[in-house]
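Novice: Let me give you the structure first, and then I'll get to my questions.
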Amino acid sequence: MSWGYLLRRLAQLVPTSALILLVGFALIHLAPGDPVLALAGEHGDAEYYAFMRAKFGLDQPLHEQLFTFVANLAHGDLGTSYVQGRPASQIILERLPATLLLTATALTIASILGLGFGIFTATRRRAWQDTTATTVLLATYAAPVFLIGQALILLFALGAGWFPVQGMTSAVTPSNGFSHAVDVAHHLVLPALVLAAPEVAVIGRLTRVGLLQELGSDHVRTARAKGSPPPMVVGKHALRGAVMPVVTVIGNRVAHLASGAVVVEVVFGWPGMGRLLVDALRDQDSPIILGIFLLVSLTVMTANLITDLIYVWLDPRVLFS
Amino acid sequence: MLRRGSALVVSAVLLVSCSTTEGTPEPAADSPVRGGTLVAAITADPGQLNPAITTSGDVHTASELMYNGLVSLTPDREPVGELAESWDVEDNGALYRFHLREGVTWHDGEPFTSADVKFSFEKVLLKYHSRTAASVGQALESISTPDERTVEFRFKEPYAPFPLQLDVTEAPIIPEHIYAGTDPLENPANLEPVGTGPFAFESYKPGAEIRLVRNPDYFIDGQPLLDEVVLRVIPDAESQVIALEAGEVDWLFGVPGADLARLEEDGGFEFLRTTVNPGGSNCIMTVSFNLEKPVFQDVRTRRAVATAIDSQQFVDRVLFGQGKVAEAPISSGIDFAHADDLPDMPTYDKQTAEDLLDEAGWIRQGDGTRVAQGVQGIPDGTPLSFGFTLFTSFDAYGDLFKAQLADVGIDVELDPQEPDIFAETVFVDRDFDSNIISYCNGADPEIGVKRMYVSSTIGPVPFSNAAAYSNPSVDSLFDQARTTVDPGERGEVYRQIQEILVEDLPYFWVVETEATRVYSSRCGGFSQAGHFAEAAYCRQ
């Protein structure tokens, strides 16, 4: 791998993002509906609607609106939210940390539990533990996120009372410093688990398949024949080869996590970007919608790039030119 | 001349805290206590907290506790002084002179004056608050401030509804010293509001919560009682109910009908029924007939549809009891204008519906459907079938409507749409046969009733005259009602309007909807709208 490769990959992000923004802009502005309606409610008169359209430049021809949008974007300005009257970038950045915390935690949980389940089931192939774990994993994969969410809330929050039902912090006793971190972590457990659940299934299944294949391969047989203890055989010799496809999947699941976060944030009242997107779509607040499109697509593209780089590290035979 | 003083406000508050009738605050299990925190669930992040620049229910729910109007409305929708202590009406209703309360300060300590009122109307409300801009804005001539405590509104001609359009929902007053010379849509104070209301701004975490603290200088002695109100954003209705049951929140603005019965059985909660919401009050679920379509040209067909609808079933099966059968075109919540006992108001009668359809030329076939036979504008043999456009969230109304009309041989095709697409289909493209809309009447027919019926509102404006109904006598009666100041005389004009409407039937008024506030039994002292927690308390 060379620096040239890295630079080329980074440069590719620019036209891809531009295309995504263009398609997003066209989709939002050509779709039926009117952002002014969301602002005005149902009681405005014709004069009021005309005034508000003019104020936000929505009375301009579409190509001029696009031109304004691109010109502003070139200055790093996503535009002003119609509903909130302040820069869309500021609004999105406010909500980003909550979503990052949620998705990063979920991805970590999913990777650890997924690998764990994969190793557990692959080393107990066709035993009852394998069958049970595989069934549970498939069930969590098949169940809709909101269903798992509501079930966990009923069981562990409302039922057992171990976790709060919703929100990111306690409403009644605001906390600072360490106690604040504990409070947030306490609120984070259920939503992160729910968001991780389908990913655990995907990663677990893939690890199992990959590991089974590796365990039957020549180099693993050789390692066994040399007398390596079983944990060493699995951990050192088989796993490295088995996780290759898993890494790809973890990278690709970033996009799924981003979409899953929208539902989880709604169910748990988690104040993240996913919910901001839902509200912005309802209000047709295009500066915010486009800003989130841009951010999510950049994240997914970066995740793919990082995945490719990890490939090289895991398997030096993979060379990019 | 009208004069209402602070004594009236105090007595209204006392009345409110003692009353036990439906729709007024619940009695306390214990006597009110001072201090404590109320956690209320709100459905959506408001985005900003200035109620003067929008009619958005989300913004108003989250911000009204921090602001005041010139008046507030009693549970019976009577105006009593709030920032105004009293007012005079002169020139037969063309001049309103308000005497402002002494000693009111903004949350930042600046004094509140008549200049704030003039500024709020001229620079903000009449531009950005769509309801007030569309009604008051059209009628107003000028605003003057003879002194710091007096503000005069002069109208082009007598304007009767004005006092009902001055509460914190219709006309919140914002500080001139903070907003002057800025774009009110982009002023940073929209995120850190400065008001005169019972609670002052403490913090806003977008998407999470808004914290308000007690305003120690509030102009009503002894209020508010709570130290703190926390408005938590919980978008999912089911999650709100669970949070209430888990004790994480104390107050819900509404609850799904199916959960209501369970909460009532479980105990530990109090309920407050109301037709008032910050986003719109006195709402009637109304079927519009597109009068431009041949199928609805004949009033007998419209009357047949209306008499085939069993409204009580909508109350029982769609609203789970949270509402009542509509008895007139104007909501029973607007007492002076609502007409009882309209002889022509359709009520459910299957046989009459069948007879009317036969008379109109829609003849039953062997398979139960009906086809045209001599219906004007429709070729013979055309089956009686029309579309019914509705919000996706109103699907339960659609299913019941379809089932009830199938009973008399009418085929209904449901066409569910998202709200903004609905608005475009119905009001801009006019590409629909019939629809159902929640028309919120507001505190005065001038706000939310007139727009449905006058011929000047046929056109591209959302949620106006969906039926495209035009009747010159109705137009002139609405003009007359606007300029008739005496409530009794005004009510008589509205009665005449409603008599014509139930005869012409451009719409059919199905049910008046209510919301049910639910709150923890350890709290009490709530009121219906606006400053719902002004006199509330929670035992910790």
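We did not get these values from a lab; they are worked out from the coordinates using the rules stated. As the structure is a prediction and not an experimental result, all values here were calculated from the model. No Cβ is skipped: glycine too gets one built from the backbone with ideal geometry, and neighbour counts run over all protein chains shown.
Novice: Counting other Cβ atoms within 10 Å, which GluC sites (Glu not before Pro) in the stretch A:2-102 have at most 16 and lie in a DSSP loop? Don't skip to the end; give the middle numbers.
Specialist: Details: sites: A:Glu42, A:Glu47, A:Glu64, A:Glu94; in loops: A:Glu42.
Passing sites in the stretch A:2-102 do not exist.
Novice: Straight-line reach from A:Lys226: which aspartates and glutamates fall under 16 Å, measuring Cα to Cα and dropping same-chain residues less than 8 apart?
Specialist: A:Asp218
Novice: Counting residues in the stretch A:3-73 as N, plug N into 2.2 N^0.38 Å and put the Cα Rg over that result.
Specialist: 1.57
Novice: A further question follows. So what is the orientation-averaged projected area of the stretch B:127-252, using the convex hull of its C-alpha atoms, in nm²?
Specialist: Projected area, direction-averaged: 10.9 nm².
Novice: Apply the Karplus parameterisation 6.51 cos²θ - 1.76 cosθ + 1.60, with θ equal to phi minus 60°, to every residue of the stretch B:532-540 and state each ³J(HN,Hα) to the nearest whole Hz, in sequence, with x for glycine and proline.
Specialist: 4, 10, 4, 10, 7, 8, 9, 7, 7
Novice: Further, regarding this structure: Per-residue HN-Hα couplings for the stretch A:305-313, Karplus 6.51 cos²θ - 1.76 cosθ + 1.60 at θ = phi - 60°, whole Hz, x for Gly and Pro?
Specialist: Couplings: 5, 4, 4, 4, 5, 5, 3, 4, 5 Hz.
Novice: Using only the alpha-carbon atoms, what does the stretch B:281-513 span along each of its principal axes? Please give whole angstrom values in decreasing order.
Specialist: So the extents along the principal axes, rounded to whole Å, are 57, 36, 35.
Novice: Please compute the Kirkwood hydrodynamic radius over the protein assembly as shown, one decimal place, Å, based on all pairs of different Cα atoms.
Specialist: Taking the inverse mean of 1/r over all distinct Cα pairs, the protein assembly as shown comes out at 30.1 Å.
Novice: In peptide B:181-190, how many Cβ atoms from other protein chains are near each Cβ within 10 Å, on average?
Specialist: Taking all residues of B:181-190 together, the mean is 3.
Novice: So what's the stretch B:175-234 giving for Rg/Rh, alpha carbon basis, Kirkwood Rh from the mean inverse pair distance?
Specialist: For the stretch B:175-234, the value is 1.03.
Novice: Can you give me the pair-distance distribution of chain A, C-alpha pairs, 20 Å bins, whole percents?
Specialist: Calculated P(r), rounded to whole percents: 25, 48, 23, 3, 0.
Novice: By how many degrees, 0 to 90 and rounded to 10, does the Cα axis of helix A:46-55 deviate from the longest principal axis of chain A?
Specialist: It works out to around 60 degrees.
Novice: Considering only the other residues whose Cβ falls under 15 Å of the Cβ of B:His177, what net charge follows from Lys and Arg at +1 and Asp and Glu at -1?
Specialist: For residues surrounding B:His177, the net value is -4.
Novice: Reachable lysines from B:Lys350, Cα under 25 Å, same-chain residues fewer than 8 places away excluded?
Specialist: B:Lys293, B:Lys324, B:Lys402
Novice: For chain B, what does the relative contact order come out to in percent, with C-alpha contacts under 8 Å and a separation of six or more?
Specialist: Working: 1177 pairs, mean separation 113.8, N = 540.
In percent, rounded to a whole number, it is 21.
Novice: Take peptides B:240-250, A:70-80, B:174-184, B:155-165 and line them up by average Cβ neighbours within 10 Å, highest first, as a rough protection proxy.
Specialist: Highest mean packing first, the order is B:240-250, B:155-165, B:174-184, A:70-80.
Novice: In a shell of Cβ-Cβ distance under 13 Å around B:Ser470, excluding B:Ser470 itself, what net charge do Lys and Arg (+1) and Asp and Glu (-1) give?
Specialist: -3
Novice: At most 16 other Cβ atoms within 10 Å and a DSSP loop assignment: could you name the chymotrypsin sites (Phe, Trp or Tyr not before Pro) in the stretch A:135-194 that fit? Don't skip to the end; give the middle numbers.
Specialist: On the way: sites: A:Tyr141, A:Phe146, A:Phe156, A:Trp162, A:Phe178; in loops: A:Trp162.
Answer by residue number: A:Trp162.
Novice: How many Cβ atoms of partner chains, on average, are near each residue of A:156-163 if near means within 10 Å of its Cβ?
Specialist: 2
Novice: If you wrap the stretch B:53-188's Cα atoms in a convex hull and average its projection over all directions, what's the area in nm²? Walk me through the intermediate numbers first.
Specialist: Working: hull surface 32.5 nm².
It is 8.1 nm².
Novice: Same structure again: Give me D for the stretch A:137-230 in µm² s⁻¹, whole number, from Stokes-Einstein with Rh from the Kirkwood sum over alpha-carbon pairs, 4 °C and 1.567 mPa s.
Specialist: 79 µm²/s
Novice: Now, a different point. Cut-off is 10 Å between beta-carbons; in what order do A:Leu37, B:Leu319 appear when sorted fewest neighbours first?
Specialist: Lowest count first: B:Leu319, A:Leu37.
Novice: Can you give me the pair-distance distribution of the stretch A:255-321, C-alpha pairs, 5 Å bins, whole percents?
Specialist: With a bin width of 5 Å, the distribution comes to 4, 15, 19, 18, 13, 9, 8, 7, 6, 1, 0.
Novice: What do the square roots of 5 times the Cα gyration tensor eigenvalues come to for chain B, in whole Å, largest first, as semi-axes of the equivalent ellipsoid?
Specialist: 42, 28, 20
Novice: Within 10 Å of each residue's Cβ, count the other Cβ atoms and sort B:Asp76, A:Asp130 from fewest upward.
Specialist: B:Asp76, A:Asp130
Novice: Residue by residue through A:185-198, how many Cβ atoms from other chains fall within 10 Å of the Cβ on average?
Specialist: 0
Novice: Same structure again: Run down the aspartates and glutamates and flag those whose C-alpha is under 19 Å from the C-alpha of A:Lys55, throwing out any fewer than 8 positions away in its chain.
Specialist: Those aspartates and glutamates meeting the cut-off are A:Asp34, A:Glu42, A:Asp45, A:Glu47, A:Glu64, A:Asp77, A:Asp283, A:Asp285, B:Glu122, B:Asp183, B:Glu186.
Novice: Could I ask something else about it? Could you state, as a whole-number percent, how many of the C-alpha pairs of the stretch B:196-311 are farther apart than 23 Å?
Specialist: 58 percent
Novice: So how strong a dipole does the protein assembly as shown carry about its Cα centre when Lys and Arg Cβ are +1 and Asp and Glu Cβ are -1, to the nearest 20 debye?
Specialist: Taking the Cα centre of the protein assembly as shown as origin, the dipole is about 5080 debye.
Novice: Taking every Cα atom in the stretch B:381-540, find the radius of gyration and the maximum pairwise distance Dmax, and write them in Å.
Specialist: Looking at the stretch B:381-540, its Cα Rg and Dmax stand at 19.8, 71 Å.
Novice: Using the eigenvalues of the Cα gyration tensor, what equivalent ellipsoid semi-axes result for the stretch B:105-162 when each is taken as the square root of five times the eigenvalue, whole Å, largest first?
Specialist: 22, 15, 8
Novice: List B:Ser311, B:Ser476 from most exposed to least, where exposure is judged by having the fewest other Cβ atoms within 10 Å.
Specialist: By the 10 Å Cβ count, ascending, the order reads B:Ser476, B:Ser311.
Novice: Of the listed peptides A:263-274, B:116-127, A:213-224, what is their order by residue-averaged count of other C-beta atoms within 10 Å, with the highest listed first? Provide the component values of the computation, followed by the final result.
Specialist: Details: A:263-274: 26.7, B:116-127: 21.9, A:213-224: 14.8.
Ranking the peptides A:263-274, B:116-127, A:213-224 by packing returns A:263-274, B:116-127, A:213-224.
Novice: Give, rounded to the nearest 20 debye, the magnitude of the charge dipole that the stretch A:95-320 has about its Cα centre when Lys and Arg contribute +1 at Cβ and Asp and Glu contribute -1 at Cβ.
Specialist: Using Cβ point charges on Lys, Arg, Asp and Glu, the stretch A:95-320 gives about 980 debye.
Novice: In degrees, nearest 10, range 0 to 90: what is the angle between the Cα axis of helix B:299-308 and the longest Cα principal axis of chain B?
Specialist: Orientation of helix B:299-308: about 70 degrees from the principal axis.
Novice: Nearest 500 deg cm²/dmol is fine: what mean residue ellipticity at 222 nm does the protein assembly as shown get from its DSSP H runs of n ≥ 4 alone, each adding -39,500 (n - 2.57), divided by its residue count?
Specialist: Taking each H run of at least 4 residues, the total per residue is -13500 deg cm²/dmol.
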